[in-house]
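Have a look at the structure below before the remarks.
What follows is calculated from the coordinates using simple rules that are stated; it is not laboratory data. Only a predicted model underlies this, so the values are computations on that prediction, with no experimental measurement involved. Note that each Cβ is placed from the backbone with ideal geometry, even for glycine, and that neighbours are counted across all protein chains shown.
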Amino acid sequence: MNSIEFEYDIFTFEVLYTYERGMKGDGYLQPDDPDKFDIDSILLKGYVDENGVKIELPDGADMKYIINNDIMLACESAIDKQILQMS
């Protein structure tokens, strides 16, 4: 399982995900399988309060099912960048 931390607005998230590299095809009849990743959990690790102080949460709160689409897109973008750096 892989993890990445990213910031969105005033929040800091940690994403735990599983990455699976696709199989290469023969380039003729069998096309390449796409690489894929599955997000296992999205944890809220901290935030910045109105005074500009960074507040860290000790365990993190699982936010996978209550975040909006903008945060999910930022999450997927951060994972894509990390996967490209690993390649």
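What the table shows:
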read-out	value
Label zone at VAL48, where the point sits 7 Å out along the Cα-to-Cβ direction: region 2-25 residues whose backbone N lies under 15 Å	6-13
Relative contact order (%) - the chain, alpha-carbon pairs under 8 angstrom, separation at least six	25 percent
Relative packing of peptides 72-79, 31-38 - highest average C-beta neighbours within 10 Å first	72-79, 31-38
Within the chain, helix-based [θ] at 222 nm, where runs of 4 or more DSSP H residues each add -39,500 (n - 2.57), nearest 500	-7000 deg cm²/dmol
For mean projected area of the Cα convex hull in nm², calculated from these coordinates, the label among (i) 7.1; (ii) 4.6; (iii) 5.5	(i)
Selected from LEU44, LEU57, LEU16 as most flexible by GNM, with the chain as the system and alpha-carbon contacts under 10 Å	LEU57
Estimated FRET transfer efficiency when R0 is 22 angstrom, pair ASP35-ILE67 (beta carbons, to 0.05)	0.40
In degrees, nearest ten, helix 69-86 long axis to first principal axis of the chain (Cα)	60 degrees
